[in-house]
Amino acid sequence: MANPQHLQMREDIEKYQRMAGVKSDSFRDLEAVPHWRAYETGVQHYKVDEYQEAVVKLEESLKEALLALEDCRALCEGPWEDETEEEIQPGLYEAVAAHYIQVLKCRQQCVLDIATKPGRVSATEDFIPSHFDLLQFAYNQVGNQALAAECAASYLLFYPMDESMLEKMKYYQTELGEGVSVTARENIYHYVQQSLKEKKLIYYAVEHLGGTFNDPDLWTSDELIPESQKQKRREDQEKQRLENLDVEQPEQRGPLFFEGLTITQDSRQLNGSQRVVFDRVLTDSECKDILRLAKLAQDGAVNWRDAKLLLQASEKSRKIVQSYFTPGKKLHFSFTHLVCRTAVEGEQDDRMDLSHPVHADNCLLDPEGKECWKEPPAYMYRDYSGILYLNDDFKGGELFFTELNAVTVTAQVRPKCGRLVAFSSGGENPHGVWAVTRGRRCAIALWYTLSQERAEQERLEAEALVKQRDMEQEKQPEDKQHQGLDDSGGTSPEPPVPKERARSTSQRHKLGSESPQQPQELRVRDEF
Ligand SMILES: O=C(O)CCC(=O)C(=O)O
Ligand SMILES: [Fe+2]
(Lines give C-alpha, C1' and ligand atoms only; values in the text may rest on other atoms or scores of the structure.)
(Ligands and ions follow the chains in the order given, each with its own letter.)
Protein backbone atom coordinates (compact mmCIF):
# COMPACT_ATOMS: atom_id res chain seq x y z
CA MET A 1 0.00 0.00 0.00
CA ALA A 2 2.80 2.39 0.87
CA ASN A 3 4.72 1.53 -2.29
CA PRO A 4 2.08 1.13 -4.96
CA GLN A 5 4.67 1.47 -7.70
CA HIS A 6 6.56 -1.60 -6.59
CA LEU A 7 6.01 -3.84 -9.58
CA GLN A 8 7.54 -6.94 -8.03
CA MET A 9 5.28 -6.67 -4.99
CA ARG A 10 2.24 -6.15 -7.20
CA GLU A 11 3.12 -9.23 -9.21
CA ASP A 12 3.64 -11.22 -6.00
CA ILE A 13 0.24 -10.19 -4.69
CA GLU A 14 -1.40 -11.25 -7.95
CA LYS A 15 0.38 -14.59 -7.69
CA TYR A 16 -0.83 -15.11 -4.11
CA GLN A 17 -4.35 -14.20 -5.17
CA ARG A 18 -4.35 -17.04 -7.67
CA MET A 19 -3.39 -19.57 -5.00
CA ALA A 20 -6.07 -21.87 -3.66
CA GLY A 21 -7.55 -20.77 -0.35
CA VAL A 22 -6.32 -17.19 -0.52
CA LYS A 23 -9.13 -14.66 -0.16
CA SER A 24 -9.06 -10.90 -0.48
CA ASP A 25 -9.28 -10.47 3.30
CA SER A 26 -6.18 -12.65 3.69
CA PHE A 27 -4.23 -9.52 2.76
CA ARG A 28 -3.69 -7.19 5.62
CA ASP A 29 -1.82 -3.93 5.51
CA LEU A 30 0.10 -3.99 8.77
CA GLU A 31 1.03 -0.34 8.42
CA ALA A 32 -2.54 0.87 7.93
CA VAL A 33 -3.83 3.38 10.43
CA PRO A 34 -7.57 3.64 11.04
CA HIS A 35 -8.01 7.32 10.25
CA TRP A 36 -6.16 7.10 6.95
CA ARG A 37 -8.12 4.12 5.80
CA ALA A 38 -11.40 5.87 6.69
CA TYR A 39 -10.25 9.17 5.20
CA GLU A 40 -9.33 7.69 1.84
CA THR A 41 -12.54 5.71 1.60
CA GLY A 42 -14.50 8.82 2.61
CA VAL A 43 -12.84 10.97 -0.01
CA GLN A 44 -13.43 8.34 -2.66
CA HIS A 45 -17.17 8.24 -1.84
CA TYR A 46 -17.23 12.02 -1.85
CA LYS A 47 -15.62 12.18 -5.28
CA VAL A 48 -18.30 9.97 -6.79
CA ASP A 49 -21.15 11.85 -5.05
CA GLU A 50 -21.92 9.10 -2.53
CA TYR A 51 -22.43 11.60 0.26
CA GLN A 52 -24.13 9.37 2.81
CA GLU A 53 -21.21 6.94 2.76
CA ALA A 54 -18.75 9.84 2.66
CA VAL A 55 -20.23 11.35 5.81
CA VAL A 56 -19.91 8.09 7.74
CA LYS A 57 -16.29 7.54 6.72
CA LEU A 58 -15.18 11.13 7.17
CA GLU A 59 -16.70 11.28 10.65
CA GLU A 60 -14.88 8.05 11.48
CA SER A 61 -11.66 9.44 10.09
CA LEU A 62 -12.03 12.64 12.11
CA LYS A 63 -12.69 10.76 15.32
CA GLU A 64 -9.78 8.40 14.81
CA ALA A 65 -7.46 11.20 13.74
CA LEU A 66 -8.20 13.19 16.90
CA LEU A 67 -7.54 10.10 19.01
CA ALA A 68 -4.25 9.50 17.21
CA LEU A 69 -3.40 13.13 17.75
CA GLU A 70 -3.93 12.81 21.48
CA ASP A 71 -1.75 9.69 21.62
CA CYS A 72 1.00 11.45 19.73
CA ARG A 73 0.81 14.51 21.95
CA ALA A 74 0.97 12.43 25.11
CA LEU A 75 4.25 10.91 23.94
CA CYS A 76 5.83 14.37 23.86
CA GLU A 77 5.98 14.45 27.63
CA GLY A 78 8.99 12.15 27.90
CA PRO A 79 12.42 13.06 29.26
CA TRP A 80 14.45 15.63 27.43
CA GLU A 81 16.88 14.01 25.05
CA ASP A 82 18.65 16.74 23.21
CA GLU A 83 22.17 15.51 22.69
CA THR A 84 23.27 18.59 20.83
CA GLU A 85 22.79 20.69 23.93
CA GLU A 86 24.78 18.39 26.17
CA GLU A 87 27.78 20.68 26.35
CA ILE A 88 25.82 23.61 27.65
CA GLN A 89 24.93 23.61 31.33
CA PRO A 90 21.88 25.83 31.57
CA GLY A 91 20.54 27.17 34.81
CA LEU A 92 17.42 25.62 36.30
CA TYR A 93 14.96 28.14 34.84
CA GLU A 94 16.51 27.97 31.40
CA ALA A 95 16.42 24.20 31.52
CA VAL A 96 12.75 24.18 32.54
CA ALA A 97 11.84 26.69 29.85
CA ALA A 98 13.80 24.83 27.16
CA HIS A 99 12.21 21.55 28.14
CA TYR A 100 8.71 22.98 28.11
CA ILE A 101 9.20 24.64 24.74
CA GLN A 102 10.48 21.39 23.36
CA VAL A 103 7.38 19.60 24.61
CA LEU A 104 5.15 22.25 23.05
CA LYS A 105 6.92 22.08 19.70
CA CYS A 106 6.67 18.32 19.76
CA ARG A 107 2.94 18.50 20.45
CA GLN A 108 2.45 20.91 17.58
CA GLN A 109 4.28 18.63 15.17
CA CYS A 110 1.79 15.85 15.91
CA VAL A 111 -0.58 17.41 13.38
CA LEU A 112 1.92 16.52 10.69
CA ASP A 113 2.22 13.04 12.08
CA ILE A 114 -1.43 12.21 11.69
CA ALA A 115 -1.72 14.05 8.37
CA THR A 116 0.98 11.92 6.78
CA LYS A 117 -0.14 8.80 5.00
CA PRO A 118 1.77 5.71 6.16
CA GLY A 119 4.80 5.20 3.97
CA ARG A 120 4.84 8.82 2.84
CA VAL A 121 6.95 11.67 4.12
CA SER A 122 4.92 14.77 3.36
CA ALA A 123 1.75 15.65 5.21
CA THR A 124 -1.59 16.49 3.65
CA GLU A 125 -2.21 20.19 4.18
CA ASP A 126 -5.04 21.28 6.44
CA PHE A 127 -5.91 17.70 7.25
CA ILE A 128 -8.29 18.42 10.14
CA PRO A 129 -9.92 21.61 8.76
CA SER A 130 -10.47 19.97 5.38
CA HIS A 131 -12.61 17.31 7.04
CA PHE A 132 -15.09 20.04 7.98
CA ASP A 133 -15.11 21.50 4.52
CA LEU A 134 -15.92 18.12 3.02
CA LEU A 135 -18.39 17.27 5.75
CA GLN A 136 -20.38 20.50 5.55
CA PHE A 137 -20.86 19.94 1.83
CA ALA A 138 -21.72 16.26 2.21
CA TYR A 139 -24.21 16.89 5.05
CA ASN A 140 -25.93 19.53 2.97
CA GLN A 141 -26.17 17.09 0.08
CA VAL A 142 -27.90 14.50 2.25
CA GLY A 143 -30.28 17.15 3.55
CA ASN A 144 -28.88 17.54 7.06
CA GLN A 145 -28.47 21.31 7.24
CA ALA A 146 -28.06 21.37 11.02
CA LEU A 147 -24.91 19.25 10.86
CA ALA A 148 -23.76 21.03 7.72
CA ALA A 149 -23.97 24.32 9.63
CA GLU A 150 -22.15 22.85 12.62
CA CYS A 151 -19.33 21.70 10.36
CA ALA A 152 -19.17 25.07 8.62
CA ALA A 153 -18.93 26.75 12.04
CA SER A 154 -16.18 24.33 13.05
CA TYR A 155 -14.27 25.13 9.86
CA LEU A 156 -14.56 28.83 10.65
CA LEU A 157 -12.74 28.24 13.93
CA PHE A 158 -9.65 27.60 11.83
CA TYR A 159 -10.32 30.20 9.16
CA PRO A 160 -12.70 32.80 10.64
CA MET A 161 -12.41 35.11 7.64
CA ASP A 162 -12.95 32.53 4.93
CA GLU A 163 -15.42 34.27 2.68
CA SER A 164 -16.87 31.29 0.91
CA MET A 165 -17.50 29.50 4.22
CA LEU A 166 -19.05 32.64 5.72
CA GLU A 167 -21.40 32.73 2.74
CA LYS A 168 -22.33 29.11 3.27
CA MET A 169 -22.88 29.78 6.92
CA LYS A 170 -25.32 32.55 6.03
CA TYR A 171 -27.14 30.20 3.72
CA TYR A 172 -27.42 27.45 6.35
CA GLN A 173 -28.61 29.96 8.94
CA THR A 174 -31.35 31.16 6.59
CA GLU A 175 -32.34 27.58 5.82
CA LEU A 176 -32.51 26.64 9.48
CA GLY A 177 -34.28 29.84 10.53
CA GLU A 178 -32.78 32.74 12.45
CA GLY A 179 -33.99 31.41 15.78
CA VAL A 180 -31.82 28.29 15.57
CA SER A 181 -28.40 28.79 17.06
CA VAL A 182 -25.48 27.28 15.22
CA THR A 183 -22.31 26.45 17.10
CA ALA A 184 -19.05 24.77 16.25
CA ARG A 185 -18.18 21.40 17.74
CA GLU A 186 -16.99 21.76 21.28
CA ASN A 187 -14.04 19.41 20.97
CA ILE A 188 -12.84 21.33 17.93
CA TYR A 189 -13.25 24.61 19.75
CA HIS A 190 -10.99 23.28 22.53
CA TYR A 191 -8.57 21.84 20.06
CA VAL A 192 -8.15 25.18 18.30
CA GLN A 193 -7.90 27.13 21.56
CA GLN A 194 -5.29 24.82 22.96
CA SER A 195 -3.26 24.82 19.79
CA LEU A 196 -3.35 28.62 19.65
CA LYS A 197 -2.18 28.89 23.26
CA GLU A 198 0.72 26.58 22.52
CA LYS A 199 1.67 28.53 19.43
CA LYS A 200 1.58 31.78 21.38
CA LEU A 201 4.02 30.41 23.94
CA ILE A 202 6.31 28.98 21.31
CA TYR A 203 6.38 32.22 19.32
CA TYR A 204 7.10 34.12 22.52
CA ALA A 205 10.02 31.81 23.22
CA VAL A 206 11.33 32.07 19.67
CA GLU A 207 11.23 35.83 19.87
CA HIS A 208 12.81 36.16 23.30
CA LEU A 209 14.90 33.06 23.75
CA GLY A 210 15.86 32.30 20.16
CA GLY A 211 15.39 29.13 18.16
CA THR A 212 12.99 28.47 15.32
CA PHE A 213 9.47 27.18 14.90
CA ASN A 214 8.08 25.65 11.75
CA ASP A 215 4.42 26.12 12.34
CA PRO A 216 2.74 23.01 10.91
CA ASP A 217 -0.60 24.76 10.41
CA LEU A 218 -1.61 27.06 7.61
CA TRP A 219 -4.51 28.51 9.59
CA THR A 220 -2.50 30.25 12.33
CA SER A 221 -3.70 33.84 12.36
CA ASP A 222 -1.23 36.55 11.50
CA GLU A 223 -1.73 38.44 14.77
CA LEU A 224 -0.21 35.57 16.68
CA ILE A 225 3.03 35.55 14.76
CA PRO A 226 5.77 37.96 15.84
CA GLU A 227 6.94 40.45 13.19
CA SER A 228 10.33 38.80 12.80
CA GLN A 229 8.75 35.43 12.04
CA LYS A 230 6.05 36.91 9.84
CA GLN A 231 8.59 38.14 7.35
CA LYS A 232 10.07 34.67 7.00
CA ARG A 233 6.65 33.09 6.74
CA ARG A 234 5.61 35.57 4.06
CA GLU A 235 8.74 34.85 2.07
CA ASP A 236 8.15 31.12 2.28
CA GLN A 237 4.54 31.50 1.22
CA GLU A 238 5.46 33.79 -1.67
CA LYS A 239 8.09 31.32 -2.85
CA GLN A 240 5.54 28.53 -2.66
CA ARG A 241 2.96 30.63 -4.51
CA LEU A 242 5.40 31.44 -7.30
CA GLU A 243 6.40 27.82 -7.62
CA ASN A 244 2.77 26.78 -7.92
CA LEU A 245 2.07 29.56 -10.40
CA ASP A 246 4.86 28.43 -12.64
CA VAL A 247 3.55 24.95 -12.99
CA GLU A 248 -0.16 25.58 -12.86
CA GLN A 249 -0.25 28.24 -15.53
CA PRO A 250 -3.01 27.69 -18.05
CA GLU A 251 -1.88 26.41 -21.37
CA GLN A 252 -0.86 29.35 -23.50
CA ARG A 253 1.27 28.81 -26.53
CA GLY A 254 4.17 30.95 -27.59
CA PRO A 255 5.65 31.15 -31.09
CA LEU A 256 7.98 28.41 -32.28
CA PHE A 257 11.18 29.75 -33.69
CA PHE A 258 12.36 26.84 -35.77
CA GLU A 259 11.66 26.44 -39.41
CA GLY A 260 10.26 23.15 -40.57
CA LEU A 261 9.19 22.15 -37.08
CA THR A 262 5.65 20.82 -36.89
CA ILE A 263 3.25 20.24 -34.03
CA THR A 264 1.81 16.83 -34.76
CA GLN A 265 -0.36 16.43 -31.67
CA ASP A 266 -1.35 18.84 -28.91
CA SER A 267 -2.82 18.23 -25.46
CA ARG A 268 -6.34 17.84 -26.81
CA GLN A 269 -5.30 15.24 -29.36
CA LEU A 270 -3.27 13.47 -26.69
CA ASN A 271 -6.25 13.45 -24.32
CA GLY A 272 -4.51 15.23 -21.50
CA SER A 273 -3.00 18.48 -20.40
CA GLN A 274 0.40 20.01 -21.04
CA ARG A 275 1.42 17.40 -23.61
CA VAL A 276 2.70 17.89 -27.13
CA VAL A 277 4.41 16.04 -29.97
CA PHE A 278 6.71 17.91 -32.36
CA ASP A 279 8.20 16.49 -35.52
CA ARG A 280 11.26 17.34 -37.58
CA VAL A 281 13.31 18.57 -34.66
CA LEU A 282 16.25 16.66 -36.17
CA THR A 283 17.06 15.63 -39.72
CA ASP A 284 17.74 12.01 -40.63
CA SER A 285 21.45 12.64 -40.84
CA GLU A 286 21.49 14.31 -37.41
CA CYS A 287 19.74 11.30 -35.93
CA LYS A 288 22.28 9.04 -37.58
CA ASP A 289 25.18 11.02 -36.14
CA ILE A 290 23.78 10.97 -32.64
CA LEU A 291 23.03 7.27 -32.94
CA ARG A 292 26.65 6.74 -33.87
CA LEU A 293 27.50 8.55 -30.69
CA ALA A 294 25.39 6.07 -28.74
CA LYS A 295 27.35 3.25 -30.34
CA LEU A 296 30.75 4.87 -29.87
CA ALA A 297 30.13 5.92 -26.30
CA GLN A 298 29.53 2.29 -25.56
CA ASP A 299 33.03 1.54 -26.77
CA GLY A 300 34.50 4.44 -24.85
CA ALA A 301 35.34 6.57 -27.88
CA VAL A 302 33.34 9.63 -28.71
CA ASN A 303 33.52 11.95 -31.62
CA TRP A 304 33.74 15.56 -30.56
CA ARG A 305 31.44 16.78 -33.32
CA ASP A 306 28.70 14.28 -32.45
CA ALA A 307 28.94 15.17 -28.80
CA LYS A 308 28.47 18.80 -29.76
CA LEU A 309 25.53 17.84 -31.94
CA LEU A 310 23.92 16.12 -28.97
CA LEU A 311 24.33 19.27 -26.91
CA GLN A 312 22.87 21.35 -29.73
CA ALA A 313 19.94 19.00 -30.25
CA SER A 314 19.06 19.09 -26.59
CA GLU A 315 19.39 22.87 -26.47
CA LYS A 316 17.10 23.17 -29.47
CA SER A 317 14.57 20.96 -27.69
CA ARG A 318 14.86 23.14 -24.59
CA LYS A 319 14.07 26.24 -26.65
CA ILE A 320 11.11 24.53 -28.29
CA VAL A 321 9.69 23.40 -24.94
CA GLN A 322 10.31 26.81 -23.40
CA SER A 323 8.60 28.68 -26.22
CA TYR A 324 5.71 26.24 -26.49
CA PHE A 325 4.79 26.01 -22.83
CA THR A 326 5.86 29.60 -21.98
CA PRO A 327 6.24 28.89 -18.25
CA GLY A 328 7.11 32.52 -17.52
CA LYS A 329 10.65 31.74 -16.39
CA LYS A 330 13.71 30.32 -18.05
CA LEU A 331 13.85 26.55 -18.25
CA HIS A 332 17.15 25.02 -17.25
CA PHE A 333 18.35 21.51 -17.92
CA SER A 334 18.16 19.32 -14.88
CA PHE A 335 19.28 16.10 -16.55
CA THR A 336 20.31 15.04 -20.07
CA HIS A 337 20.43 11.42 -20.91
CA LEU A 338 20.95 9.41 -24.11
CA VAL A 339 19.31 6.08 -23.55
CA CYS A 340 18.85 3.00 -25.71
CA ARG A 341 16.60 0.07 -24.97
CA THR A 342 17.31 -3.24 -26.70
CA ALA A 343 14.90 -6.13 -27.17
CA VAL A 344 15.69 -9.23 -25.22
CA GLU A 345 16.15 -12.47 -27.15
CA GLY A 346 13.49 -15.11 -27.44
CA GLU A 347 9.72 -15.31 -27.64
CA GLN A 348 8.27 -11.85 -28.19
CA ASP A 349 4.69 -12.51 -29.29
CA ASP A 350 1.94 -11.07 -27.12
CA ARG A 351 4.35 -9.47 -24.72
CA MET A 352 2.42 -7.11 -22.50
CA ASP A 353 5.19 -6.07 -20.17
CA LEU A 354 6.76 -2.67 -20.01
CA SER A 355 10.22 -1.44 -20.78
CA HIS A 356 9.60 1.43 -18.43
CA PRO A 357 6.84 1.12 -15.82
CA VAL A 358 4.17 3.79 -15.53
CA HIS A 359 5.48 6.74 -13.53
CA ALA A 360 5.43 10.50 -13.32
CA ASP A 361 8.70 12.36 -13.62
CA ASN A 362 8.51 14.63 -10.58
CA CYS A 363 6.35 12.81 -8.07
CA LEU A 364 5.65 9.33 -6.75
CA LEU A 365 2.61 7.91 -8.41
CA ASP A 366 0.05 6.38 -6.05
CA PRO A 367 -2.51 4.77 -8.37
CA GLU A 368 -4.67 3.48 -5.49
CA GLY A 369 -4.86 6.85 -3.78
CA LYS A 370 -5.10 8.50 -7.22
CA GLU A 371 -2.44 10.94 -6.15
CA CYS A 372 1.10 11.79 -7.00
CA TRP A 373 3.30 12.56 -4.01
CA LYS A 374 5.82 15.31 -4.46
CA GLU A 375 8.39 14.06 -2.06
CA PRO A 376 11.79 12.33 -2.02
CA PRO A 377 13.03 10.26 -3.74
CA ALA A 378 11.07 11.84 -6.61
CA TYR A 379 12.81 14.60 -8.54
CA MET A 380 10.37 17.25 -7.35
CA TYR A 381 12.15 20.09 -9.10
CA ARG A 382 11.65 18.67 -12.58
CA ASP A 383 9.04 20.83 -14.26
CA TYR A 384 8.98 19.68 -17.88
CA SER A 385 10.07 16.50 -19.61
CA GLY A 386 11.12 16.01 -23.19
CA ILE A 387 12.06 12.89 -25.10
CA LEU A 388 13.73 13.35 -28.44
CA TYR A 389 13.58 10.15 -30.44
CA LEU A 390 16.32 9.05 -32.79
CA ASN A 391 15.06 6.01 -34.68
CA ASP A 392 12.10 3.81 -35.53
CA ASP A 393 13.77 0.62 -36.75
CA PHE A 394 12.55 -1.45 -33.83
CA LYS A 395 9.31 -3.09 -32.73
CA GLY A 396 7.27 -2.18 -29.66
CA GLY A 397 8.65 0.62 -27.47
CA GLU A 398 5.74 3.08 -27.82
CA LEU A 399 5.49 5.75 -25.18
CA PHE A 400 2.03 5.92 -23.61
CA PHE A 401 0.22 8.22 -21.20
CA THR A 402 -2.25 6.99 -18.63
CA GLU A 403 -4.72 8.42 -16.16
CA LEU A 404 -3.68 8.71 -12.51
CA ASN A 405 -4.76 5.12 -11.96
CA ALA A 406 -1.71 4.05 -14.04
CA VAL A 407 -3.78 1.59 -16.09
CA THR A 408 -6.12 3.57 -18.36
CA VAL A 409 -4.05 4.47 -21.39
CA THR A 410 -5.08 7.88 -22.74
CA ALA A 411 -2.62 8.32 -25.61
CA GLN A 412 0.25 6.57 -27.31
CA VAL A 413 3.20 7.92 -29.28
CA ARG A 414 5.31 5.95 -31.73
CA PRO A 415 8.96 7.11 -31.63
CA LYS A 416 10.72 8.15 -34.82
CA CYS A 417 13.75 10.20 -35.78
CA GLY A 418 13.33 13.89 -34.93
CA ARG A 419 10.13 13.43 -32.92
CA LEU A 420 10.07 15.29 -29.64
CA VAL A 421 7.41 14.50 -27.04
CA ALA A 422 7.19 17.12 -24.32
CA PHE A 423 4.95 17.33 -21.28
CA SER A 424 4.77 18.79 -17.80
CA SER A 425 6.45 16.42 -15.37
CA GLY A 426 3.74 16.13 -12.72
CA GLY A 427 0.95 13.73 -11.80
CA GLU A 428 -1.13 15.01 -14.74
CA ASN A 429 1.18 13.07 -17.02
CA PRO A 430 1.78 9.49 -15.88
CA HIS A 431 3.54 7.61 -18.66
CA GLY A 432 5.40 4.41 -19.46
CA VAL A 433 7.06 2.59 -22.35
CA TRP A 434 5.96 -0.73 -23.84
CA ALA A 435 8.57 -3.43 -24.12
CA VAL A 436 10.87 -3.21 -27.13
CA THR A 437 10.26 -6.54 -28.85
CA ARG A 438 12.79 -6.28 -31.65
CA GLY A 439 15.81 -4.07 -32.30
CA ARG A 440 17.15 -1.11 -30.36
CA ARG A 441 15.29 2.07 -29.46
CA CYS A 442 17.35 5.19 -28.77
CA ALA A 443 16.25 8.56 -27.46
CA ILE A 444 17.55 11.61 -25.67
CA ALA A 445 15.63 12.02 -22.44
CA LEU A 446 15.60 15.56 -21.15
CA TRP A 447 14.27 17.06 -17.98
CA TYR A 448 13.93 20.74 -17.37
CA THR A 449 13.60 22.77 -14.23
CA LEU A 450 12.49 26.32 -13.54
CA SER A 451 14.84 26.50 -10.63
CA GLN A 452 18.19 28.00 -11.47
CA GLU A 453 19.77 26.43 -8.40
CA ARG A 454 18.83 23.02 -9.77
CA ALA A 455 20.41 23.58 -13.17
CA GLU A 456 22.67 20.73 -14.19
CA GLN A 457 26.21 21.88 -13.47
CA GLU A 458 27.91 19.38 -15.75
CA ARG A 459 25.90 20.63 -18.66
CA LEU A 460 26.95 24.22 -18.03
CA GLU A 461 30.54 23.03 -17.89
CA ALA A 462 30.13 21.10 -21.13
CA GLU A 463 28.64 24.13 -22.86
CA ALA A 464 31.54 26.28 -21.65
CA LEU A 465 33.96 23.67 -22.95
CA VAL A 466 32.33 23.67 -26.38
CA LYS A 467 32.42 27.46 -26.49
CA GLN A 468 36.07 27.50 -25.51
CA ARG A 469 36.96 24.92 -28.10
CA ASP A 470 35.04 26.77 -30.80
CA MET A 471 36.92 29.92 -29.95
CA GLU A 472 40.24 28.13 -30.05
CA GLN A 473 39.36 26.71 -33.43
CA GLU A 474 38.45 30.10 -34.80
CA LYS A 475 41.96 31.21 -33.98
CA GLN A 476 43.51 28.18 -35.72
CA PRO A 477 44.53 28.27 -39.41
CA GLU A 478 41.96 26.89 -41.88
CA ASP A 479 43.55 23.49 -42.59
CA LYS A 480 43.83 22.64 -38.93
CA GLN A 481 40.22 23.56 -38.31
CA HIS A 482 39.00 20.89 -40.71
CA GLN A 483 41.18 18.37 -39.10
CA GLY A 484 39.63 19.27 -35.74
CA LEU A 485 36.08 18.96 -36.97
CA ASP A 486 36.51 15.54 -38.48
CA ASP A 487 38.43 14.25 -35.61
CA SER A 488 36.87 11.19 -34.12
CA GLY A 489 38.69 10.91 -30.87
CA GLY A 490 42.45 10.57 -31.22
CA THR A 491 44.25 13.87 -30.84
CA SER A 492 41.34 16.13 -30.01
CA PRO A 493 40.82 17.35 -26.45
CA GLU A 494 38.55 15.22 -24.35
CA PRO A 495 34.91 15.65 -25.24
CA PRO A 496 32.54 16.12 -22.31
CA VAL A 497 31.42 12.54 -22.37
CA PRO A 498 32.07 9.97 -19.70
CA LYS A 499 34.07 7.05 -20.98
CA GLU A 500 32.29 4.56 -18.81
CA ARG A 501 30.94 1.59 -20.63
CA ALA A 502 27.21 1.38 -21.06
CA ARG A 503 25.88 -1.19 -18.69
CA SER A 504 25.25 -4.43 -20.46
CA THR A 505 23.28 -6.27 -17.82
CA SER A 506 19.52 -6.28 -18.02
CA GLN A 507 18.28 -3.36 -16.06
CA ARG A 508 15.23 -1.24 -15.78
CA HIS A 509 15.08 2.42 -15.09
CA LYS A 510 13.64 2.89 -11.66
CA LEU A 511 12.31 6.22 -10.51
CA GLY A 512 14.64 7.53 -7.90
CA SER A 513 17.46 5.21 -8.81
CA GLU A 514 19.77 7.90 -10.09
CA SER A 515 21.40 10.12 -7.59
CA PRO A 516 20.35 13.72 -8.16
CA GLN A 517 23.58 14.87 -6.60
CA GLN A 518 25.83 13.35 -9.21
CA PRO A 519 24.36 13.87 -12.64
CA GLN A 520 26.78 13.12 -15.42
CA GLU A 521 26.78 15.01 -18.63
CA LEU A 522 25.59 13.19 -21.71
CA ARG A 523 24.95 9.94 -20.04
CA VAL A 524 24.73 7.10 -22.46
CA ARG A 525 23.30 3.84 -21.42
CA ASP A 526 21.47 0.79 -22.52
CA GLU A 527 18.28 -0.49 -21.04
CA PHE A 528 16.30 -3.54 -21.93
O1 LIG B 1 11.79 6.80 -23.48
C2 LIG B 1 10.67 7.25 -23.33
O3 LIG B 1 9.84 7.32 -24.25
C4 LIG B 1 10.23 7.71 -21.96
C5 LIG B 1 11.27 7.59 -20.90
C6 LIG B 1 10.80 8.12 -19.60
O7 LIG B 1 9.64 8.31 -19.35
C8 LIG B 1 11.76 8.44 -18.53
O9 LIG B 1 12.96 8.13 -18.70
O10 LIG B 1 11.35 9.01 -17.50
FE1 LIG C 1 9.40 9.57 -17.59
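Per residue, the accessible area of region 31-235 comes to 57 Å², computed with a 1.4 Å probe over protein heavy atoms only. With all pairs of separate Cα atoms included, region 31-235 yields a Kirkwood hydrodynamic radius of 18.8 Å. GLU163 exposes around 150 Å² of accessible area when a 1.4 Å probe is run over every protein chain in place.
In this model, which of LYS63/LYS197; LYS199/LYS232; LYS316/LYS416; LYS200/LYS232; LYS232/LYS330; LYS57/LYS117 are farther than 19 Å apart at the alpha-carbon? Please report the intermediate quantities before stating the final value.
Values: LYS63/LYS197 22 Å; LYS199/LYS232 16 Å; LYS316/LYS416 17 Å; LYS200/LYS232 17 Å; LYS232/LYS330 26 Å; LYS57/LYS117 16 Å.
Cα-Cα > 19 Å for LYS63/LYS197; LYS232/LYS330; rest within.
Look at where the Cα atoms of region 16-60 and of region 172-208 average out, and the two centres are 31 Å apart. Note on GLN109/VAL142: beta-carbon distance plugged into 1/(1 + (r/R0)^6) with R0 of 41 Å gives a FRET efficiency of 0.70.
Between ALA464 and LEU261, the simple label model (points 7 Å from Cα in the Cβ direction) yields a spacing of 2.8 nm.
Which value, in nm² and rounded to one decimal, describes the direction-averaged projected area of the C-alpha convex hull of region 22-70?
Values: hull surface 16.3 nm².
About 4.1 nm², averaged over all directions.
Take each peptide in 272-284, 145-157, count the other Cβ atoms within 10 Å of every residue, and average; sorted highest first, the result is 145-157, 272-284.
Stretch VAL180-VAL121 to full length: gain in nm at 0.36 nm per residue minus the Cα-Cα span?
Working: separation 59, 0.36 × 59 = 21.24 nm, distance 4.37 nm.
Full extension of this stretch gives 16.9 nm more.
Projected label points at VAL33 and ASP393, each 7 Å from Cα along the beta carbon direction, are separated by 5.7 nanometres.
What does the extension gain come out to for ARG18 and LYS239, with contour length at 0.36 nm per residue minus their alpha carbon separation? All intermediate terms of the calculation are to be shown ahead of the outcome.
Details: separation 221, 0.36 × 221 = 79.56 nm, distance 5.02 nm.
Extending this stretch completely gives an extra 74.5 nm.
The orientation-averaged projected area of the convex hull spanned by the Cα atoms of region 116-247 comes to 10.6 nm². Modelled this way, with points 7 Å down the Cα-to-C-beta line, the labels at ASN271 and GLU70 are 4.9 nm from one another.
Measuring spread by the Cα atoms of region 310-408 yields a radius of gyration and Dmax of 16.2, 49 Å. When all alpha-carbon pairs of region 329-476 are counted, what percent fall beyond 29 Å? Within region 329-476, distances greater than 29 Å cover 27 percent of Cα pairs. Taking amide H as placed 1.01 Å from N in the peptide plane, the amide H of SER355 sits under 5 Å from that of VAL433, TRP434, ALA435, VAL436, each at least 5 places away or on another chain. With a threshold of 21 Å on the Cα-Cα distance, the over-threshold entries among LYS239/LYS370; LYS308/LYS467; LYS319/LYS370 are LYS239/LYS370; LYS319/LYS370.
May I ask you to give the percent of accessible area on region 31-235 that is carbon plus sulfur, with a probe radius of 1.4 Å? Could the numbers behind the result be given before it?
Working: 6270 of 11740 Å².
Answer for region 31-235 is 53 percent, counting heavy atoms of protein chains only.
Would you mind putting 184-195, 415-426 in packing order, based on average other-beta-carbon counts within 10 Å, highest first?
Details: 184-195: 15.2, 415-426: 22.9.
In decreasing order of mean packing, 184-195, 415-426 become 415-426, 184-195.
Full extension of the chain between LEU196 and GLU227 yields a length gain of 9.5 nm, computed as 0.36 nm times the residue separation minus the alpha carbon distance.
Can you give me the accessible area per residue for region 316-414, using a 1.4 Å probe, in Å²?
Working: 3750 Å² over 99 residues.
Ligands and nucleic acids excluded, the figure is 38 Å² per residue.
The values are calculated or read from the model by the stated rules, or taken from the named source; none is laboratory data. These figures come from a predicted structure and were not determined experimentally. Note that we place each Cβ from the backbone using ideal geometry, even for glycine, and neighbour counts take in every protein chain shown. When the accessible area is computed, the model is the full protein with side chains, heavy atoms only, and any ligands, DNA or RNA have been set aside. Shrake-Rupley method; radii C 1.70, N 1.55, O 1.52, S 1.80 Å.
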